[in-house]
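Have a look at the structure below before the remarks.
The values are calculated or read from the model by the stated rules, or taken from the named source; none is laboratory data. All values reported here derive from a predicted model rather than from experimental measurement. A quick note on method: Cβ atoms are made from the backbone with ideal geometry, for glycine too, and the neighbour counts reach across all protein chains shown.
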Amino acid sequence: MKWIPMTLHYLRFSPEKFLDKLKDSPFDSFDLYMSAPQLNAFDYPLGDLIALDREIQKRDLTVYAITPENCTYPCNFATQNRETRESSLRYYQRAVDTAEYLGCHNVQISIGFGYFDAPREEAWDNVKNSLQLLAEYSKKKKVNLFLEECKDTTTQVLNYSEDIKEMIDQVGFDNVLGMVDTDQMTFAGQSIDDYFNSLGEKMGYVHFNDRGHTVPGHEDFPMKKYYEDLKRNNYGGVCCFELTDRRYYEDPDKAVDQCIEWLVKNTDEYKGYRN
């Protein structure tokens, strides 16, 4: 397995702070949380993208995945509102183009929600149709799309591993993959095994977080068991620390150090971690 951090909890700092931290850490890649003010997907200046790419290359780092902001911004493939769906397609198209420029081959997609007082089938079909368009576009760019589940308080479309598998099958493009977020997974009462049983080779990515998207060991999830479950299923892909809890916003470097500390104590990954 390969381990990487996400940049989300660095949003109150310049991109250079995060890149400098990674340069002096065991990590050589990361998940870029694409959001204002660092990189506004709606309207970033071209010079900012070029400058970011230079800074990444200067430190011999790579971008493994891009996660466009999809909670604060109105990005929604499921909604009955056509204008919002079309705007969301343009938004994710911009993310795919950005990924291609940065040499990144993966973009995470959060599919949004339909009106809770409307039939689920409407929202499902809206997502499927939008993803088919984006997947066809992304395939030419050699970019994969990772579909993430959400809690049933957020959406009625993708809540379980079985939902992700069904959506992947219906979309019908081989660059659409599934993923698991351990926080969402536990909320839904599912397990690592459930995801591998549902997705098999379509398991593309892991968000490895404790309760509330915190550093492993900071809350009450059995994170070591989750790690062992991943190994038992022969997962050889990438695990990302997606830290969204505001406790990490003032000192994001410390949170990265705490993730490394957890890995050293609980895993046999990366001998360099023990230096």
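Annotation for the range 247-267: at least one member residue is β-branched (Val, Ile, Thr), surrounded by fewer than 17 Cβ atoms within 10 Å (Cβ to Cβ) and under 22 Å from residue 26 (Cα atoms).
Each residue in the range 176-207 was checked for being small (Gly, Ala, Ser) and surrounded by 20 or more Cβ atoms within 10 Å (Cβ to Cβ), and 3 of them qualify.
Sort out which residues of the range 116-129 are more than 18 Å from residue 165 (Cβ to Cβ) and in contact with a helix residue (DSSP H, G or I) (Cβ under 8 Å, 6 or more places away or on another chain), and write them in order of number. Across the range 116-129, the qualifying residue is only 126. Part of a loop (DSSP other than H, G, I, E, B), at pLDDT below 95, over 23 Å from residue 111 (Cβ atoms) and among the charged types (D, E, K, R), is that true of residue 250? In short, no.
Among the residues making up the range 208-233, those that are part of a helix (DSSP H, G or I), surrounded by 20 or more Cβ atoms within 10 Å (Cβ to Cβ) and without any contact (Cβ under 8 Å) to a residue 60 or more places away in the chain are 223, 226, 227. Do the conditions hold for residue 107, that is, is it farther than 14 Å from residue 81 by Cα, among the β-branched types (Val, Ile, Thr) and surrounded by 14 or more Cβ atoms within 10 Å (Cβ to Cβ)? Criteria met by residue 107.
Taken as a whole, the condition of being touching a strand residue (DSSP E or B) at 6+ places or on another chain (Cβ under 6 Å), surrounded by fewer than 20 Cβ atoms within 10 Å (Cβ to Cβ), closer than 30 Å to residue 56 by Cβ and of a type outside the set (Ser, Thr, Tyr) does not apply to residue 147. Within the range 132-152, the set of residues being in contact (Cβ under 8 Å) with a residue 40 or more places away in the chain, assigned to a helix (DSSP H, G or I) and either more than 18 Å from residue 31 (Cβ to Cβ) or in contact with a Gly (Cβ under 7 Å, 6 or more places away or on another chain) (or both) comprises 132, 133, 134, 135, 137.
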